[in-house]
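Comments concern the structure below.
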Amino acid sequence: MGRKPKRLIYLKKRFKFPWRILGLYGGSILLLLWSIFPLIWMLITSFKPTEEIFIYPPELIPRHMTLTNFYALFSRSHFLSYFMNSLKVSILTTACALVLSVLGAYGLVRFRFRGKELLAQLVLLTYMFAPIMIVIPFYILIRKIGLVNTHTALVLALTSFSLPFTLWLLRSFFQTIPLELEEAALVDGATHLEAAFYIVLPLAAPGIIATAIFTLILAWNDYIFARILITSDPLKTLPVGVQDLFNQTVVDWGMIMASGVLITIPVLLFFIFIQQYLIEGWGAGGIKG
Amino acid sequence: MGFLLLLPSLLVIGTLTLYPVVYNVWLSLLNKHAFLPGEKFVGLRNYELVLKDPQFWMSFKLGVIYSLVTVVLQLVIGIGAALLLHESFPGRNFFRGAILFPYLVPTIVGVLLWKWLLHDTYGLVNYTLQALNLVKDPIGWFGQDTIMISLILVSVWQFFPFVFLTILARLQIIPPELYEAAKVDGASALQRFFYITLPQLKTVLFIIILLRGIWMFTKFDTVWLMGGGEGVGLYIRTLPLYAYMKTFTYWQAGIGATVAMVMLLIMAGAAAIYFKIYKVEEGI
């Protein structure tokens, strides 16, 4: 007698259609297809020989995987030189922006001085200027002092462009480090500099690394500053170099997709490093774009 | 001491960002060639020329269409994705991470891979549409009627993760008690969304719409790389492209600066109206 109702409940549960699960996974998979599939298609195309790229209907799996496209990229274009230029510009930009903004953000968090909040807000305001507003007059000015077509000009422009963001991001990281730790060090006889160097920097290291990677991605992805400031082929960075490669000849889609894959790899590596800081970075304004 | 630490940053921002922007104001009052030396002060004449230029208004119109449509679509997809991936289920974090990729991939890569997907003969998009019998003949995605649609598609793909992540971050700090109380009171899922979630998201939505609106209206690289400019590209030549081309294609640096200035003024005006509407709605 007593068992029957129980079994009924059990049956009812068992046969309930999993609408929720279906909806959640269905929706997520659709989103995944929309965001990731274009990139996967790029990867697939980059490994196909030319005759397979141009078959109809298109095939998902390459019949003969090949590295020809990558080989062509290195032998028939200046891809390697663009890659090295991008690396150089991104690293220098990140180094400059970090040194400046670590000092600046520390100053903003640990010291009181007149007009501090106003300055911080002014910095945030400059963050609102679109690159196109800055880069045209920047070009005219840089031309006057003869720096056009140098990596110096590009690094300066990108440093200045990313500074407002790195300052605000680092400021928010420094704010989470308790002042007491530093004060304790000062009481023990450390100088301000020593306290900052041995106490604050190690504690802020994750934040500094995250900021560095945000800046690296920004510099690595930049198109507009490099387009306007760099004119000679040996100095071009990846986005500009590859764009010109695309426009020059009959499009070799395999080679272009291979270049896309190679440009994307460093970004993916950075991304894996910063995944955990992404939300915090967003809180401080996100990557501009 | 604190000020001294901040000084180097201020100097860099001041000379390399602020000064060029101020110089741009001066430039807009000059008749100046982009490369040749020599310049002549012409007062507000450039502004008069620009405001009477039908090409300028064409670009303005295209820019408004582009930013309105892309912002709305980014919001729809971004909010939908955030609500979905705010639910807890196994594998959620994988999906969360994966859908951020389009935002992190360099613009050049996003544009080139979509150009390949949208290729008229060998593109996967046309193939899929034909295979599903949605269209009979392949669509030319880079014709004068379609190029804006392609541009919007690529832009929404590239930028919706910004909306997604910002909304998700905000959803995570809504106090769960609010939902529990509503459930006890018998509110349906739809009611919970309209009476709890949406009001909580109001401020962050205000900021997202403002930022995305500004960024889409001044977007240069995606539009330019999609082929904006001349020929068919005229049909996606938004204001930033027009300013760029005035300076670097027609070498009229003064006019280029003026277009950029007018663009800034339009944005400031739009932002002011936007703030006002928001305040009226808030009842302040």
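The values are calculated or read from the model by the stated rules, or taken from the named source; none is laboratory data. Since the structure is predicted, the reported quantities are computational estimates derived from the model, not experimental observations. Using ideal geometry, Cβ is built from the backbone for each residue, glycine included, and neighbour counts are taken over all protein chains shown.
Against the conditions (1) hydrophobic (A, V, I, L, M, F, W, C); (2) modelled with pLDDT of 95 or more; (3) not in a helix (DSSP H, G or I), where does A:ALA258 fall short? Just the number, please.
(3)
Checking the structure you have, find out if any residue of the range B:256-273 is in contact (Cβ under 8 Å) with a residue 40 or more places away in the chain, loosely packed, with under 15 Cβ neighbours inside 10 Å and not polar (S, T, N, Q).
Yes, there is a match, as at least one residue in the range B:256-273 is in contact (Cβ under 8 Å) with a residue 40 or more places away in the chain, loosely packed, with under 15 Cβ neighbours inside 10 Å and not polar (S, T, N, Q).
What single numbered condition from (1) within 9 Å of chain B (Cβ to nearest Cβ); (2) of a type outside the set (Lys, Arg); (3) at negative phi fails to hold for A:PHE79?
Of (1) within 9 Å of chain B (Cβ to nearest Cβ); (2) of a type outside the set (Lys, Arg); (3) at negative phi, only one is false for A:PHE79: (1).
Table: residues versus (1) under 30 Å from B:GLY63 (Cα atoms); (2) modelled with pLDDT of 90 or more.
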| position | (1), (2) |
| --- | --- |
| B:GLN172 | no, no |
| B:GLY186 | no, no |
| B:ILE207 | yes, no |
| B:LEU241 | yes, yes |
| B:VAL280 | yes, no |
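Quick test for you: out of B:TRP215, B:TRP224, B:TRP251, pick the one residue that is within 12 Å of chain A (Cβ to nearest Cβ) and closer than 30 Å to B:LEU168 by Cα.
B:TRP215
For the range A:119-129, indicate whether the set of residues that are buried (at least 17 other Cβ atoms within 10 Å of the Cβ), β-branched (Val, Ile, Thr), in contact with a Cys (Cβ under 8 Å, 6 or more places away or on another chain) and assigned to a helix (DSSP H, G or I) is non-empty.
no
Restricting the first residue to the range A:194-220 and requiring it to be away from every other protein chain (no Cβ under 14 Å) and within 15 Å of A:VAL99 (Cβ to Cβ), which pairs with a second residue that is assigned to a helix (DSSP H, G or I) and among the polar types (S, T, N, Q) meet a Cβ separation below 6 Å and a spacing of at least six or different chains?
Qualifying pairs under 6 Å: A:ALA212/A:THR94.
For the range B:90-185, which helices (runs of 4 or more DSSP H) that fit wholly inside it have 2 or more residues that are in contact (Cβ under 8 Å) with a residue 40 or more places away in the chain and within 18 Å of the chain's Cα centre (by Cα)?
Per the criteria, B:101-104, B:107-117, B:147-171.
Go through the range A:33-54 and report how many residues are within 14 Å of A:SER259 (Cα to Cα) and small (Gly, Ala, Ser).
Counting residues in the range A:33-54 that are within 14 Å of A:SER259 (Cα to Cα) and small (Gly, Ala, Ser) gives 1.
So that you can scan it fast, the table gives a plain yes or no per residue for (1) part of a helix (DSSP H, G or I); (2) over 17 Å from A:PHE174 (Cα atoms):
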{"site": "A:LEU80", "(1), (2)": "yes, yes"}
{"site": "A:THR93", "(1), (2)": "yes, yes"}
{"site": "A:SER101", "(1), (2)": "yes, no"}
{"site": "A:GLY104", "(1), (2)": "yes, no"}
{"site": "A:ARG114", "(1), (2)": "no, yes"}
{"site": "A:ALA157", "(1), (2)": "yes, yes"}
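Name every residue in the range A:138-154 that is surrounded by fewer than 23 Cβ atoms within 10 Å (Cβ to Cβ), more than 10 Å from chain B (Cβ to nearest Cβ) and assigned to a helix (DSSP H, G or I), in order of residue number.
Residues satisfying the conditions are A:HIS151, A:THR152.
In the set B:LEU178, B:LEU190, which member is surrounded by 13 or more Cβ atoms within 10 Å (Cβ to Cβ) and farther than 30 Å from B:ILE108 by Cβ?
Being surrounded by 13 or more Cβ atoms within 10 Å (Cβ to Cβ) and farther than 30 Å from B:ILE108 by Cβ holds for just one of B:LEU178, B:LEU190, which is B:LEU178.
Based on what the data block shows, is A:VAL109 assigned to a helix (DSSP H, G or I), touching a Leu at 6+ places or on another chain (Cβ under 8 Å), among the β-branched types (Val, Ile, Thr) and at pLDDT 85 or above?
no
Consider B:PRO8 against the criteria (1) within 27 Å of A:LEU163 (Cα to Cα); (2) under 28 Å from the mean Cα position of the chain (by Cα); (3) not hydrophobic (A, V, I, L, M, F, W, C): it satisfies all of them except one. Which criterion is unmet?
With respect to (1) within 27 Å of A:LEU163 (Cα to Cα); (2) under 28 Å from the mean Cα position of the chain (by Cα); (3) not hydrophobic (A, V, I, L, M, F, W, C), B:PRO8 is out only on (2).
Any idea which residue in the range B:34-63 is surrounded by the fewest Cβ atoms within 10 Å (Cβ to Cβ), counting only those that are part of a helix (DSSP H, G or I) and free of Cβ contacts under 8 Å to residues at least 60 places away in the same chain?
Restricting to residues being part of a helix (DSSP H, G or I) and free of Cβ contacts under 8 Å to residues at least 60 places away in the same chain, the top hit is B:PRO54.
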